[in-house]
Every structure is written in C-alpha cells, then in structure tokens.
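Before any comments, here is the structure.
Please treat every number below as a calculation from the coordinates, not as lab data. In this text, all values refer to a predicted model and were calculated from it rather than measured experimentally. Virtual Cβ from ideal backbone geometry, glycine too; neighbours counted across all protein chains shown.
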Amino acid sequence: MIQLKDVSYVRLGSPDLESAEHFATACLGLQIAERGKKDLYLRSDERAHTLCYSEGDPNHQTVGFEVGDEASLQEAASTLESLGHAVHAGSAEEAERRKVKAFIGFRDPTGNHIELVVRPERSGRRYFASRDAGITGFSHIGLNSSDPARDERFWTQVCNARVSDRIGDIPLMRVNAIHHTIALVRAPKAGIQHINHQVETSDDVLRSYYFLNDRRVPIVFGPGRHPTSGARFLYFKGPDGMIFEYSVGVDEIEDEATHRPRQFGFEPTSFCMWGAKPAGMALPNN
Amino acid sequence: MKNGRATPLITSVCYVRLAVSEPKVSARFVSDIFGLQRVADQNGEIAFRSDDRFRTVSLGQNPADGASIGIEVWDDVALDEIGQRLRKLGFAVKEATPGECQRRYVQSALLTEDASGNPIDLVVRPTRSGRRYFPPRDAGIVEFHGVGIRSLDHGRDLTFWRALGAEVSDWVGDIAYLRIDGLHHRIALYPSKRNGLLYAAFEVEALDQIMQNSYFMQESQIRIVQGPGREPASRQMFLHVEGPDGLIFSYVNGMTELDGKPRLARQFPLTAASLCDWGSESKDVPELGAPGQ
C-alpha cells in the first residue's frame, strides 16, 4: 500500500505568470520563494514551496504527495505499474525543479496528474506573508473525479487514505489526523477543483471576505462553515479560474481506530451550516 | 461602577420600550424575523422575551409614555442615591406612579431623561419569568445584551451615566463604550444629530448564529445596516439589522470580559478600522460610520 504522509505541493500551468504573481501576493497573500525563468515558487508555511506556477497550459495541474523514503517510492512505482498506471520516474533536473530529492509521476483513475515525492525541501527562514491574510499553511485539495466510488477505492485501497465523512457519494479523505487532505468532487474531467490554505482564526476568514470583495476578487462560496470538518471557510476565484479556499478550525480525527465516516445528505446544508450558497462555483453534483 | 459601595448602583440594561408607527408590523419583524418570543399584550403594548426576564422589548404607539430604556437598579436605597445625585446635577427625576410601574413590570422606578432627552427608567425589581425562554425560530438568542444610544450632548450625557456608576471602557472618536458590569460595555453613546435609541443588542450563542442570521436576513430581504463585523475595542462580533421605522436590532457575541482592575480607557481614532476589524461598513447609518467612508 502506498503510504501518503501529507500533501506537498500543487503545480499549476499559467499563460500569464505576471497576473499569477499579482494574485498570489496581493490577494491570496503567499510569499514569493523564488522566481525562475518559467517558474514562480510560492511559500505558505515552513516548506520551501507549496505552490508553483509554471509558464504553460492552465490545464496542466499536478498535486504532489510526500512519501516516507526512496524505498517506498520504488515500491509505489511497482504497485502502480502492476495496476496498469504508466509511471514516470522523475529525472534529477525535474526533481530539482520540484525542490524534492526524488519523485514519480502517474495519473489517478480519473486522469489527475499526481506526483509522489521524497524529501521535499524545508526552508530555514520562517514564512513571512506578503499580506496579513493569516495563512498558516497549505492544507488540502479538492480533486475532480469522474467516478467517486472508483476513485475512493483507488485512494483508500491502493493508497492509505481513509474516509472521514461522505456527502452523498463524495468522500472526504485523510492521510493523517487532519479531517481531510483529499476531497473528491464529481466532475466530467480531471483537474484540481480547489486549493486550500489554513488561516489562523475565523477573524481572518471574515477579514479576507471584505478585503477580497473590495478588490473585486469573485467570492464563489462563503463565508461559511462546513458541518463535516467544522471549518469556517471562504472560496474565491484566482487566475485561470482556479478556486482557492481559506479555512480555519478543521477537526482532527482523534481516534483513528474507532472513527466511522458519517453520512451527510447531498444538499446545501451539508456543505454550509450557516446558509451560504455557492455562486459561480459548482458543488460536487450527483 | 461600585463607587466605593459594597454593591453596584446599577446592574443591567433590562428592557427597551419602543414607540412605533405600526405596532403589528413591527411585532412581526421582532418575532418572525428577529426571533424574539412574543408574550401577552398589556395596555396596548406588545411585549417580547429574549431570556429569563418577563419581557425585554415592548412596542407601543404612544410617544408620550411609550419609549424608554430600562436600567436595573440594585435596590431602593441605590435608587434614592441615584435620584439625589441626578437632581444635584440638574437632571429632572420623577417617581413613577403605580400605573407606570405596572406598565414596566417593575416594583418601583424613577423616570428621568439623559441630557439628550432620551427617557431612561431606573427600575427596581424588574419581573422575571418562571417559564424558560422559548423563541419562535432558531436564531440562537441567549439574552438581551445592551443598547446603543444617540447622543446630542456627549459631555453632559457622560455626566449622567457616570452618576449612575457607569465608566468609559474605550473611546472611538467621541463614541463612548460604557461599562456597568464585568463586560466591556452594555451601553454605547454615539454622537448624533438627534436623540433616540440607535440599536438594541441581543447576545447569541456564537459566531455560527451571527452568520446564520446574516444569511437568514439576506434571504428574507431584510436590510443589514452593518455586519457581520467585529468591534476592535470590545472584540464583540455584531450584525445590525433594520426593521420597520428604521429600528435597528443587533445580534452580538464574543465581547471582552474585563477583570475589574482599574483600567485606563483607550482612545481609538474615528476611522472605519476602529469600528470594524473585519472591514464591514455602514453606508446609511451615520452614527455607525466614520467620516469620509
């Protein structure tokens, strides 16, 4: 079984790195770690980078997950190949561009581009935000799925993810104590549905709501509160239509052995207990 | 607050009585929309509960003896003392008749006005209810919390409230947050071009209820005059909503509790950032906004 430790980074293609940089710093509030020729590295926590914009097609979206060591990486590669997934062994140069020791790339059953990485770099300097959004770190992603039941099997049986809760047939899955690291979203094709950063307090969620509204950043859902994880949230739209989320107060699963996923009905109140309705953002549809 | 006494002179803001143009219309707002429990009418006044008190809001049509803010006084001895202090300072104070006391559901009272002409009832033994509070909808209201008052003469109004034992916790410009118990404030005086009640505030359980009520008001097409927001000075979260006749009712939660030690009032500038930490602004209620907003 592939032991995912945590989500490590997201890589996004963008035709316009300048707009991406403006949004990432002036709106989202991340710190620029490094500007390469064709890459923009952004920090959100103690890691050297957690988001990278690369000059290119915005449909190129990749999620990196950390695994324990190189032996686990080799084992993962054999497991995936035996299941019929084409595995790309990352070159030294590609690994350097990702600021990791080694990695492999493959596609999940829906076709999402996933990378498994070993020893992603940390930074010696603490994170210093470009605006006071209260970001404490990159935390999870929403991942498109053309068949949530099939993909749930992939993430929970081939990998070590566990279902924390379900809304309809949409699973929220964890790979560590945090309520969810991967939220599947029913969609016709592969892609990252949203990128989540945690913030310090619910004050930060509300402050950003007014701040982003003032700057005409489209707020697509919230401010609200998920009854599943308990998190207060705000979803808004960035460059190339990518949706970003701030949230705070995601529950931790206290007892791994006895936790049973709860079933929530597929209805608006299962996504927001405050009464927020999504606007300009599709809820995972049945 | 205690002014050297063993017990405080006043202990709470215990009710608001409002004179409205159409009591039935206002009553629907107060119960169906805002979420207070309507109780039996008396003497043409419609009354509401928000907690274990017998009533905290009443609506009447008579402006002569229809509108007032009730302040609970420790006992009749304290009431006497307040009466003497106010008279010495030149405020007119009148003992309430049995009829006036009955209309207020209190045992004894002094009726007075602050320097702006806002009727203030100083009351002893306001009536409590034996039945628990049961609201018409799940707005999460815990209790009647306090009031914002419009002030025409903030210097002299402060003299009035200080005579009752209130102390200024903080200033935003000349807006004064007045403390009468362990909380940052129960009464806030807002400089204004007219007198009257600015808002009546009701505490809800948590941020969840502030936000749920915010979405409920949007869906019910009720005007939110400010919020959801958070006062930086008191750390209180708020949502100010407007009912008929421009009446403002507020949901609040999270106000700072003070430890009772002597404390210097802090001065904040009269800017938007001093009035809301999150960034909400009031466009239409001048008292809630900062100049140039």
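By average Cβ neighbour count within 10 Å, what is the ranking of B:125-136, B:73-84 from highest down?
In descending order of packing, they fall as B:73-84, B:125-136.
Roughly how crowded by other chains is peptide B:280-287, in terms of the mean Cβ count from those chains within 10 Å of each of its Cβ atoms?
That average works out to 1.
Taking H placed 1.01 Å from N in the peptide plane, check which residues at least 5 places from B:Glu113 or on another chain put their amide H under 5 Å from its amide H.
When sequence neighbours closer than 5 places are left aside, the close amide H contacts are B:Ala92, B:Ile120.
Name all residues of the stretch A:155-174 having a backbone nitrogen under 17 Å from the label point set 7 Å from the Cα of A:Gln263 along its Cα→Cβ direction, giving them as ranges.
Answer for this model: A:163-172.
Give the Debye-formula value of log10 I(q)/I(0) at each listed q (0.15, 0.30 Å⁻¹), with one equal scatterer per alpha carbon of the stretch B:197-245, two decimals each.
Each listed q corresponds, in turn, to -0.39, -1.32.
Among the listed pairs A:Lys5/A:Lys101; B:Lys88/B:Lys261; B:Lys261/B:Lys283; A:Lys37/A:Lys189; A:Lys37/A:Lys101; A:Lys38/A:Lys277, give every one whose C-alpha distance is greater than 26 Å.
Numbers: A:Lys5/A:Lys101 16 Å; B:Lys88/B:Lys261 29 Å; B:Lys261/B:Lys283 37 Å; A:Lys37/A:Lys189 30 Å; A:Lys37/A:Lys101 21 Å; A:Lys38/A:Lys277 38 Å.
Listed pairs above 26 Å: B:Lys88/B:Lys261; B:Lys261/B:Lys283; A:Lys37/A:Lys189; A:Lys38/A:Lys277.
How far apart, in nanometres, would the label points at B:Asp138 and A:Glu81 be if each is projected 7 angstrom from Cα along the Cα-to-Cβ direction?
Going by the 7 Å Cα→Cβ label model, 5.5 nm.
So if we plug the beta-carbon distance of B:Leu89 and A:Arg126 into 1/(1 + (r/R0)^6) with R0 = 56 Å, what FRET efficiency do we get, rounded to 0.05? Walk me through the numbers on the way to the answer.
Working: r = 57 Å, r/R0 = 1.02.
So the FRET efficiency works out to roughly 0.45.
Per residue of B:229-235, how many C-beta atoms from partner chains lie within 10 Å of its own C-beta, taken as a mean?
Mean shielding by partner chains, rounded to a whole number: 1.
Around A:Asp6, which amide H atoms from residues at least 5 apart in sequence, or from another chain, sit under 5 Å from its own amide H, with H modelled in the peptide plane?
Distant-sequence amide H within range of A:Asp6: A:Glu66.
If you wrap a convex hull around the alpha carbons of the stretch B:156-293, what volume per residue comes out, as a whole number of Å³?
Dividing the Cα hull volume of the stretch B:156-293 by its residues yields 113 Å³.
For the stretch B:14-21, just list the computed ³J(HN,Hα) in residue order, Karplus coefficients 6.51, -1.76 and 1.60, θ = phi - 60°, integers in Hz, with x standing in for Gly and Pro.
Each residue's phi maps through the Karplus curve to give 10, 6, 10, 10, 10, 9, 10, 6 Hz.
I'd like the distance separating the alpha-carbon centroids of the stretch A:152-167 and the stretch B:124-167, in whole Å.
53 Å
May I ask for the net charge around A:Arg150, where only other residues with Cβ less than 14 Å from the Cβ of A:Arg150 are counted and Lys, Arg are +1 while Asp, Glu are -1?
Every neighbour counted, the sum reads -2.
Between B:Ser220 and A:Gln157, what FRET efficiency comes out of the Förster formula 1/(1 + (r/R0)^6) with R0 = 45 Å and r the beta carbon distance, rounded to 0.05?
Calculated value: 0.40.
Search the structure for amide H atoms under 5 Å from the amide H of B:Ser169, placed 1.01 Å from N in the peptide plane, and list their residues when 5 or more places away or on another chain.
It is B:Tyr177, B:Leu178, B:Arg179, by chain and number.
Looking at the stretch A:1-56, which chymotrypsin sites (Phe, Trp or Tyr not before Pro) are in a loop (DSSP not H, G, I, E or B) and have at most 15 other Cβ atoms within 10 Å?
Here no chymotrypsin sites (Phe, Trp or Tyr not before Pro) fit, given the DSSP loop and packing criteria.
Using Cα-Cα distances under 8 Å and only pairs 6 or more residues apart, what relative contact order does chain A have, in percent?
Once normalised by length, the contact order is 17 percent.
Evaluated at 10 °C with a viscosity of 1.306 mPa s, what Stokes-Einstein diffusion coefficient in µm²/s does chain A have when Rh comes from the Kirkwood expression over alpha-carbon pairs?
Answer, rounded: 83 µm²/s.
Using a ≥ b ≥ c from the Cα gyration tensor of the stretch A:85-236 (square roots of the eigenvalues), is it rounded, prolate or oblate, where a/c under 1.5 gives rounded and otherwise the larger of a/b and b/c decides, a/b for prolate?
oblate
³J(HN,Hα) across the stretch A:239-254 via Karplus (A = 6.51, B = -1.76, C = 1.60, θ = phi - 60°), whole Hz, x for Gly/Pro?
So the J values, rounded to whole Hz, are x, 6, x, 5, 9, 10, 10, 9, 8, 9, x, 5, 4, 9, 7, 6.
Taking 0.36 nm per intervening residue step and subtracting the Cα-Cα distance, what contour gain separates B:Asp80 from B:Asp208 on full extension?
Numbers: separation 128, 0.36 × 128 = 46.08 nm, distance 4.31 nm.
Difference between extended and current length: 41.8 nm.
Kirkwood hydrodynamic radius, computed over distinct alpha-carbon pairs, for the protein assembly as shown: how many Å, to one decimal?
Its Kirkwood hydrodynamic radius stands at 26.8 Å.
Loop only per DSSP, at most 14 neighbouring Cβ atoms within 10 Å: give me the GluC sites (Glu not before Pro) in the stretch A:1-110, ordered by residue number.
A:Glu46
Taking a ≥ b ≥ c as the square roots of the Cα gyration tensor eigenvalues, with a/c under 1.5 meaning rounded and otherwise prolate when a/b beats b/c, else oblate, which class fits the stretch B:28-75?
Working: a/c = 1.91, a/b = 1.14, b/c = 1.68.
Because a/c hits 1.5 or more and a/b fails to exceed b/c, the stretch B:28-75 counts as oblate.
Based on the Cβ-Cβ distance of B:Asn43 and A:Asp251, what FRET efficiency does E = 1/(1 + (r/R0)^6) give at R0 = 60 Å, to the nearest 0.05?
0.70
Can you bin the stretch A:12-165 into rounded, prolate or oblate? Criterion: square roots of the alpha carbon gyration tensor eigenvalues sorted a ≥ b ≥ c, rounded for a/c under 1.5, prolate for a/b above b/c, oblate for the rest.
Details: a/c = 1.72, a/b = 1.57, b/c = 1.09.
Prolate.
Please report the orientation-averaged projected area of the stretch B:26-184, defined via the convex hull of its C-alpha atoms, in nm². Intermediate values should be presented prior to the final figure.
Numbers: hull surface 40.4 nm².
Average projection, Cα convex hull of the stretch B:26-184: 10.1 nm².
Within 10 Å of each candidate Cβ there may be at most 11 other Cβ atoms; applying that plus a DSSP loop requirement, which trypsin sites (Lys or Arg not before Pro) in the stretch A:139-210 survive?
Of the trypsin sites (Lys or Arg not before Pro), the ones in loops of the stretch A:139-210 whose Cβ has at most 11 other Cβ atoms within 10 Å are A:Lys189.
Give me the net charge of B:Val285's neighbourhood, meaning all other residues with Cβ under 11 Å from the Cβ of B:Val285; Lys, Arg count +1, Asp, Glu -1.
Local charge sum for B:Val285: -1.
Gap in Å between the Cα centre of the stretch B:241-284 and the Cα centre of the stretch A:190-238?
Spelled out, the Cα-based centre of one part sits 24 Å from the other.
Please compute the average number of Cβ atoms from other chains found within 10 Å of each residue's Cβ in peptide B:208-217.
The mean count of partner-chain Cβ atoms within 10 Å per residue comes to 4.
Under a plain spin-label model, where a point goes 7 Å from the Cα along Cα-to-Cβ, how far apart in nm are B:Val25 and A:Glu200?
Taking the two extended label points, one gets 4.7 nm.
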